[in-house]
Amino acid sequence: MNFNKNYFEIFDLPVDYAVDLKLLDDRFLDLQKQVHPDRFAAGTDHEKRLAMQWATLVNTANETLRASLPRAIYLLGLRGVELETNPTLPPGFLMEQIDLREQLESIEEGDGNLEELDSFRRKMQQEINEVQAEFKEALDEDIDKAERLVYQLQFLSKLMTSANRLEEKLLDY
Amino acid sequence: MALLQITEPGQAVDPHQRKRAAGIDLGTTNSLIASVRAGVAETLADEQGRHMLPSVVRYTSSGIVVGDEALAEAVNDSMNTVVSVKRLMGRGLKDITTLGDQLPYRFSASESGMPRIETVSGNVTPVEVSAEILRSLVDRASATLAGDLDGVVITVPAYFDDAQRQATKDAARLAGVNILRLLNEPTAAAIAYGLDSGGEGVIAIYDLGGGTFDISLLRLRKGVFEVLATGGNSALGGDDFDRAIAAWIVEQSGYAKPLASEQLRGLLMASRSIKEGLTDNPRIDIDFDRDGVQFKGTLDRATFDDLVAPLIDASIKACLRAVRDAGIELGEIHNVVLVGGSTRVPQVIDKVAEYFGKAPLNTVDPDKVVAVGAAVQANVLVGNKPDDEMLLLDVLPLSLGLETVGGLAEKVISRNTAIPAVRAQEFTTYKDGQTAMLIHVLQGERELVTDCRSLARFELTGIPPMVAGAAKIEVMFNVDADGLLSVSARETSTGTQAGIEVKPSYGLTDEEITSMLQASFEHATKDADQRSLMEARVESGRVIEALGNALAEDGVALLKKSDIQALQQAIEELGRVSEGEDHLAISEGTELLGRASEEFASLRMDAAVRKALAGRNIAEVDKEV
Ligand SMILES: Nc1ncnc2c1ncn2[C@@H]1O[C@H](COP(=O)(O)OP(=O)(O)O)[C@@H](O)[C@H]1O
Ligand SMILES: [Mg+2]
C-alpha cells in the first residue's frame, strides 16, 4: 500500500504545472471505478477501510490538481516550500490590489452595473493568466520568485471570488 | 413498461446465490419499494395491487396502521395520525415549533432534544414513525420476493443535512434492515433514466415532491454518474401549494379566527385535491363547508398560477445556483428530467422548460423513477454484479464548518465537494495552560452560527498545558460515501490524541436506539443470545463469501500457493466454528480471518489501482512486477 505517492504519480501524470485536464479526468474516473467503497460494499471491513482511504485520496488529489492555484501551492510544497500566512508583498502590487478592490466597491455602490463587473472580471482573469505564465517559468528557475507569485495569485483569486459573489448578489441568486 | 433491462454478463451469479435487494423511496407523501427481478427493476405492489404507500402512520390503542388505511383517518384522528414525518427527521423541538401551525400534533422533548409526538399509544419519535413505514415496505418485499432482504438502498433528498441522513439511517436500524447505502433521490432518478437512454452528457434532475425540492446536475461518462452540483430547498413542495390554496379559501370565506388542527388538516386535504384537479382541468368548483369555514366558488388555473408562482420561482432560482456551482453553461445540459408528483403541475413544466430552454422529459413515471433507480443500485451493491461498470460519485450537499470567535461559522469542507472527503483544520489555544477546548460543528452556507444547523458540540480534553498559542490542535473532518460526517482531533505538537465526545445535537443516542429495539415487540420476544448467534453467523458468512470470491478472482495472480492454502484453511475453519452455537467464538474467528486476509486485501487494492492506470487486467500487470 503506497499512500505516499504524490498527487501527480497517483494519476500517472508528469510533475508539471501544465496539466492535461482531459487526461486527469479520464484517470480520475478510471481510478474511482476501481477503488470506490461501493465496489466493496460486500467486502471485508479491511477492504472497506482501504477503499474509503483510497477514494478519499483520489478525490483530494483530483481537486488539488484540477484548479491552478492549489496545484501551484502543491508544486511548491513538493519542492519543500511552505507558504507563509502573512507574506510581505511588493508595495506596487499591494497598491494595485487596493485600487482593484476600490474599483469593485464602486461597482457595487454604483447601481451594480453587470457590464462593468464583467469587464472587471475579464481584466482580473487576464492578470491571473499572466501571473500563472510567470509562475510556470519561475518554478524551475527561481523558486523564491515562484513563491512570491503564488502569494499574488492568492490575492487575485480572493478578489475574483469577491467579484463572483458580487455577481451572484446582483443577479439575486 | 419495463423501466430497465439489465443484461447479465457471462459470469452472472448463480440464481440460487442471488441476493435479495431492494431500493426504497422513503417519501414525504408517498413511499415505494422496488427490486430487480429477472433483470428488470420494478416497483412492488401490495396485496391489493397498490404500488404507492402513503407515508402515513396511525397510532391507535389497539395497534399501528400504515398507508392508505391510516390516510383515510388522517382528518378524523389527526392527533394520532402522523403525516409528512419526513419533514421532522433530524430536527430538534425548536426547529419544529417554527413550522408552527402546520402541524397538528402535541410534541414533547426526549432527553436528546429530539421531539416526540404524543399519541394514544404513547410518545413516538419521527425516527420510530419512519421505521414503521420502512417495516411495512420491507414486509411487502419479503412476501413478494419470498424471503428476507439481504440489503436495501434508501433514498434521501440530496439537500438533506447530516442530522437528517443520520435519522434516516437510525430508522433503518430500528426497522431491522441492512442498509447498504443512502442514495440521493435525484441520483437514483438519473440512474433509472440515464441507463435507460444510454446517453452520455449532463443531465439536470428537477424533483418537486410533497415536502422537498431538489435540483441536481449529473454528468454521465464512461459508466460513471458524477454529481456536479446539487441544491434545493428542504422545505418547499406540493404541500406549500396546498397551503397557498387553503389560505386563499380562508381569505375568500372571511373566516377570521385562528384555525384548529382538525380544521386545518381538513382544509389542506381539500386544497390538495383541488390542486391536483387543476392539473387536468382549467377550473375547479369548490363547495367547502367544514368546522365553521364556509366557501362556495371557483378556483381557476390563472388564479392558482398566481398563488404558486413565487414558490415555483424560488425553485428556479435554486436551479440557477446549482448550474453556477457546477461550473457549466446552461447550453451544456443535454436533458432535463422531471421527478416527483408536483412536476405534474402545468406551470412547473412551463417554467422549467423556459429556464432550461428545452422541453423536460417525463417519460419514466415520475412517481416510480426514484425507487427504480435505487433498486438498480441496491442490486449492484449487494453483490449481484449485474453491471460492473456502473459507479456513482456523489458530493457533499451542504458545507461543513466550525464555530469561530464572534459567533461566525468557518467552512472546513465546502458544499459540492466530492465525497468521500477528508479535511483537517488547525486550531490553537488562546490561554496559558489551557487543557480543553469547545468545538461546535456546523452545517450550512451562512456566515453566522445562528443561521447554520448545529450538528454537534464536543469538548476536546487532555490537551497538554502549554503557553497560549503553542498547542496545535488538528481537527479532522471525515465524510463517508453516504455523506455522513465523523470528527476526530489530536494535538500535533506532542502527538497526544485528545479525547473527544461528539454529542449529536438532535440525533438519537446509541442507548436510545438499543432501548427502542428492545422495546419493540418483535425483538423482545426473541432470545437475546439467539439474536447474537444469528448476527455472528451472518457476519462470518459475509466475510467467508467475500474472501472466497476475492481468492477465486485474484488469488493465483497475487499470492503464493502456500498463502492461498492457508487462507482457504482458515475459511474452512471459520465455516466449522460458525456451525457451532458459540457466538463469541464465531465473532472471534471472523475477526481473525479478517486480519489474516488484510495483506491480501492491500495487494488487491494496489493491483486494482495499477489496473486502472494501465487499462489491463491484474494477471497481466502482475507478471510485469
Ligand atoms: N396530478 C397532480 N397534480 C398536481 N400535484 C400532484 C398531482 N399528483 C400528485 N401531486 C402532488 O405531488 C406531491 C407528492 O409528490 P411525491 O413525489 O409523491 O412526494 P414526496 O416525494 O415528497 O413523497 C403532493 O403534493 C401531491 O399533491
Ligand atoms: Mg420524492
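If you place +1 on the Cβ of every Lys and Arg and -1 on the Cβ of every Asp and Glu, how big does the dipole about the Cα centre of region B:219-353 come out, in debye to the nearest 20?
Here the size comes out at about 420 debye.
What is the dipole size for chain B, taken about its Cα centre, with +1 at each Lys and Arg Cβ and -1 at each Asp and Glu Cβ, in debye to the nearest 20? Present the calculation step by step, with values, prior to reporting the outcome.
Working: 61 positive and 92 negative charges, 180 e Å.
Approximately 860 debye in magnitude.
Tell me which lysines have Cα within less than 25 Å of B:K561's Cα, excluding those fewer than 8 residues away on the same chain?
Output for B:K561: B:K611, B:K623.
What's the local net charge at B:R446, with K and R +1, D and E -1, over the other residues with C-beta under 11 Å away?
Taking every Cβ under 11 Å from that of B:R446, the sum is -1.
Taking DSSP loops as anything outside H, G, I, E and B, show the longest stretch in chain A free of trypsin sites (Lys or Arg not before Pro) there with at most 13 other beta carbons within 10 Å.
By the stated rule (loop sites, at most 13 other Cβ atoms within 10 Å), A:80-173.
Can you tell me the relative contact order of region B:106-235? Whole percent, Cα pairs under 8 Å, sequence separation 6 or more.
The normalised contact order for region B:106-235 reaches 18 percent.
Which loop trypsin sites (Lys or Arg not before Pro) in region B:398-435, with loop taken from DSSP, have no more than 15 other Cβ atoms within 10 angstrom of their Cβ?
B:K431
Are there any GluC sites (Glu not before Pro) in region A:67-173 that are in a DSSP loop and have at most 13 other Cβ atoms within 10 Å? List them by number.
Passing both the DSSP loop test and the Cβ count: A:E82, A:E84.
Please name whichever of B:L592, B:V127, B:V352 sits farthest to the positive end of the charge dipole of chain B, dipole taken about the Cα centre and charges placed at Cβ: Lys and Arg +1, Asp and Glu -1.
The listed residue farthest towards the positive side: B:V352.
Where in chain B lies the longest segment free of GluC sites (Glu not before Pro) that are both loop residues by DSSP (not H, G, I, E, B) and have at most 15 other Cβ atoms within 10 Å?
B:201-328
So for B:S61, B:S253, B:S486, what's the accessible-area order with a 1.4 Å probe, most first?
Final ranking, largest accessible area leading: B:S61, B:S486, B:S253.
What's the magnitude of the charge dipole for the protein assembly as shown around its Cα centre, counting Lys and Arg as +1 and Asp and Glu as -1 at the beta-carbon? Answer in Debye, nearest 20.
Magnitude of the dipole: close to 620 debye.
Cβ under 12 Å from B:A424's Cβ, B:A424 left aside: what net charge do those residues give with Lys, Arg +1 and Asp, Glu -1?
With Lys, Arg at +1 and Asp, Glu at -1, the net is +1.
Hey, if you put +1 on the Cβ of every Lys and Arg and -1 on every Asp and Glu Cβ in the protein assembly as shown, which of B:L551, A:L89, B:N178 ends up farthest toward the positive end of that dipole?
My answer, from the dipole projection, is B:N178.
Need one value for B:588-599: mean number of C-beta atoms belonging to other chains within 10 Å of its residues' C-beta atoms. All intermediate terms of the calculation are to be shown ahead of the outcome.
Values: counts 0, 0, 2, 1, 0, 1, 4, 3, 0, 3, 7, 2.
Counting Cβ atoms of other protein chains within 10 Å of each residue's Cβ and averaging gives 2.
Mind putting together the pair-distance distribution for the protein assembly as shown? All Cα pairs, 10 Å bins, whole percent per bin, short to long.
Binned Cα distances yield the sequence 2, 11, 20, 25, 21, 13, 6, 1, 0.
Per residue, how much accessible area does chain B have with a 1.4 Å probe, in Å²? Kindly include the intermediate steps, with their values, before the conclusion.
Details: 27090 Å² over 625 residues.
In whole numbers, chain B has 43 Å² accessible per residue.
What pairs in A:K145/B:K411; A:K22/B:K368; B:K275/B:K317; B:K169/B:K411; A:K48/B:K86 have C-alpha atoms more than 28 Å from each other?
A:K145/B:K411; A:K22/B:K368; A:K48/B:K86
Positive end of the charge dipole of chain B (Lys, Arg +1 and Asp, Glu -1 on Cβ, about the Cα centre): tell me which of B:S540, B:I473, B:A188 has its Cα farthest that way.
B:I473
What does the net charge come to around A:A61 if you take all other residues with beta carbon closer than 12 Å to its beta carbon, with K and R at +1 and D and E at -1?
Net charge in that neighbourhood comes out at +1.
The values are calculated or read from the model by the stated rules, or taken from the named source; none is laboratory data. These figures come from a predicted structure and were not determined experimentally. FYI the Cβ positions are ideal-geometry reconstructions off the backbone, even for glycines, and counts take in every protein chain you see. Note: areas computed on protein heavy atoms with side chains; ligands, DNA, RNA excluded. Shrake-Rupley method; radii C 1.70, N 1.55, O 1.52, S 1.80 Å.
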